[in-house]
1. Where is the GNM fluctuation largest for the chain (alpha-carbon springs, 10 angstrom cutoff): MET102, MET126, MET62?
2. Stokes-Einstein diffusion coefficient for the chain at 10 °C in a medium of 1.306 mPa s, Rh from the Kirkwood formula over Cα pairs: what value in µm²/s?
3. So what is the accessible area of the chain per residue, in Å², with the probe set to 1.4 Å?
4. Less than 14 Å apart at the alpha-carbon level, and either on another chain or at least 8 residues along: which aspartates and glutamates does that give for LYS31?
5. In nm, what is the difference between 0.36 nm times the number of residues separating TYR5 and LYS129 and their Cα-Cα distance?
6. Can you give me the long-range amide H partners of ASN76? Hydrogens built in the peptide plane at 1.01 Å from N, cutoff under 5 Å, separation of 5 or more residues or another chain.
7. Using DSSP to call loops (not H, G, I, E or B), can you name the GluC sites (Glu not before Pro) in the range 175-229 whose Cβ has at most 11 other Cβ atoms within 10 angstrom?
8. Whats the longest run of the chain with zero chymotrypsin sites (Phe, Trp or Tyr not before Pro) that are DSSP loop and have at most 15 other Cβ atoms within 10 Å?
Amino acid sequence: MGDFYFVGQQIIDAKSREVREVELLLRATNKVGFPEQEFHNLLNSSLKQYQAYLKDLNNELMYLWDKYPTCQFSLNFTQQELEFPVLLTYLKSINTNMRARMMIEITEQAPNKKYTEYSDNINVSMFKKIHDLGYKIALDDIMQGNNSLGNFMLVRPYISRIKWSFTNGGHYLNQQQIYWIIKLLRSLTCEKGISLVVEGVEEEMISYWLLTMNVHQQQGFLFAKPAKL
């Protein structure tokens, strides 16, 4: 993938400590953390360069699917990428058996440029198309950026998971406020069979507290740091 590569971070059932899934996180060779500027440059480059990225991405996924035949993977796509018809073409090309092992995780940044016309603040049509291809879709960082509760309600029929992060909310909200947020998210999802993952879990006490609210799917440094696969 050129200067890009993946690290993996486990999503855990915090009660059984069973690894349920691995989220693939994009990294670059020349910096620590998510290569925001480098990936932004790629998305604003030529279609040919983005297609080359998708080709490399596919090669990497095929390698990981073969190396970890029983593992489920979660892969991030930005809302800008949802604007590119070539992404849908790529997702259609993936074998249906592999689609069942892949969660499409949509990040919270609004697209800088729309290539299709739609009246809502989020590309509902693209969510439906991906869902209809047999993929499970997660909405990352719910209540942040373009992944507001209002936009979640628009795409809810196509969503299998939402994720909320202590990294975004835990530093400026007190425990009671976080409690009511988790209760709200649980009430919005449980009736529809949508799972809730809480990210940014770094302390045993927080993990246990989430378990008391029946939030079993957790992710964070308490369980595993991102690591090369």
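The values are calculated or read from the model by the stated rules, or taken from the named source; none is laboratory data. What you see is a predicted model; the values in this text were computed from it and never measured. Don't worry about glycine lacking a Cβ; one is built from the backbone with ideal geometry, like all the others, and counts go over all protein chains shown. Heads up: the accessible areas ignore ligands, DNA and RNA and are worked out on the full protein's heavy atoms, side chains in. Shrake-Rupley method; radii C 1.70, N 1.55, O 1.52, S 1.80 Å.
1. MET62
2. The diffusion coefficient I find is 87 µm²/s.
3. 51
4. ASP3
5. Full-extension gain reported as 41.9 nm.
6. Here the answer is LEU24, GLU105, since their amide H atoms fall under 5 Å of that of ASN76.
7. GLU191
8. My reading of the result: 1-114 is the longest stretch.
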